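Right, one structure below, let's go through it.
The values are calculated or read from the model by the stated rules, or taken from the named source; none is laboratory data. Just so it is clear, the model here is predicted, and its values are computed rather than measured. Heads up, the Cβs are rebuilt from the backbone with ideal geometry, glycines too, and the neighbour counts pull from every protein chain shown. What goes into the accessible areas is simple: the full protein's heavy atoms, side chains included, and nothing from ligands, DNA or RNA. Shrake-Rupley method; radii C 1.70, N 1.55, O 1.52, S 1.80 Å.
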Amino acid sequence: MTAAIALAMMLAGAVGAQETGTLVKGRTPSAPLMSAVPARETVRTETVQAAAAPEALAAARSLAACAVRRDGVRAGRLLAAGDAASFAAASSALASTMSNCAGSALAPNVSAGSFRMTNRSLVKLLSEADLVGDKPPSLTVADAAATLPDRPWLGEDLGARETDLLATCLVNVQPEWTSYLAVTRPGSPEEAKGWAQVAPRINECLTKNVTLKTNKSQLRLAIADVVYRRAHGAVPVKAAN
């Protein structure tokens with residue numbers, strides 16, 4: 001992460017820290033994480049944590065929305081970056097906009113140091129902000145196991161990687177409804193309608209023998225990232241056996 005972006009907001013795990021639960025292959029998580037998942041198999045209630053600094057997520061979303069609204073071209077260049085150098089350059093170019101947006105995005109009771117965000121989280125938030133309110137992109141069905149090209153310049157995060165793989169699979173097998181979900185406003189009836197259609201496909205997309213701790217907000221952001229990338233030409237490819 002560049003120093004300039006760090007000045008705009010000190011970013012990483014607090015984003016999306018609400019409705020947290022554990023997804024385990026072969027089990028169905030309890031509400032409120034994905035209450036629409038059908039209990040076809042043995043159900044075990046997982047620990048669901050109370051909301052942790054939801055104001056940080058709201059502030060981060062407001063900040064990203066402001067950046068896209070004020071400087072969509074530079075935000076788009078950051079999202080289109082294909083290597084570490086171009087990402088760093090795009091981050092620096094967007095930094096002043098992020099700094100200017102910080103004053104209006106952060107509520108009076110939220111300090112800039114109260115939440116942190118990784119490059120990966122920033123990309124997801126900007127992707128979501130770009131999509132919300134637009135017409136759902138028209139995507140095609142892809143193999144459930146297909147993945148998108150890796151982006152090592154966003155940093156290694158095994159937890160985020162598993163969430164990203166889950167999101168990619170969901171977009172592959174349910175492109176229409178994940179695209180619909182990605183353009184809805186968080187917390188809206190339309191978002192609930194989207195989750196009701198997407199959630200039943202979660203079990204088939206969970207990696208076998210891998211316990212994934214995530215939450216609805218993190219998964220939604222990961223879905224938005226995949227939908228944005230697919231809409232802008234990224235092609236999912238199934239790994240060779």
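Model label sites at SER99 and ALA80, defined 7 Å from Cα along the beta-carbon direction, differ in position by 2.5 nm. Within the shell defined by Cβ-Cβ distances under 14 Å, the residues around LEU94 carry a net charge of +2, with Lys and Arg each +1 and Asp and Glu each -1. For the peptides 92-102, 215-225, residues were scored by their other Cβ atoms within 10 Å and the scores averaged per peptide; the highest-first order is 215-225, 92-102.
If we sort 80-90, 158-168 on the protection proxy, mean other Cβ atoms within 10 Å, highest first, what's the order? All intermediate terms of the calculation are to be shown ahead of the outcome.
Details: 80-90: 15.1, 158-168: 19.9.
Result, highest mean first: 158-168, 80-90.
Note on VAL68: accessible area approximately 30 square angstrom, rounded to 10, probe 1.4 Å, nucleic acids and ligands left out.
Using R₀ = 22 Å, calculate the FRET efficiency as 1/(1 + (r/R₀)^6) where r is the Cβ-Cβ separation of ARG69 and GLN197; round to 0.05. Calculated value: 0.15.
For region 153-230, taking Cα atoms only, Rg and Dmax work out to 12.0, 36 Å respectively. Listed by chain and number, the aspartates and glutamates whose C-alpha is less than 17 Å from the C-alpha of LYS213, apart from same-chain residues fewer than 8 away, are GLU19, GLU46, GLU156, ASP157, GLU162, ASP164, GLU204.
Estimated at the nearest 10 Å², the accessible area of ARG77 is 150 Å² with a 1.4 Å probe.
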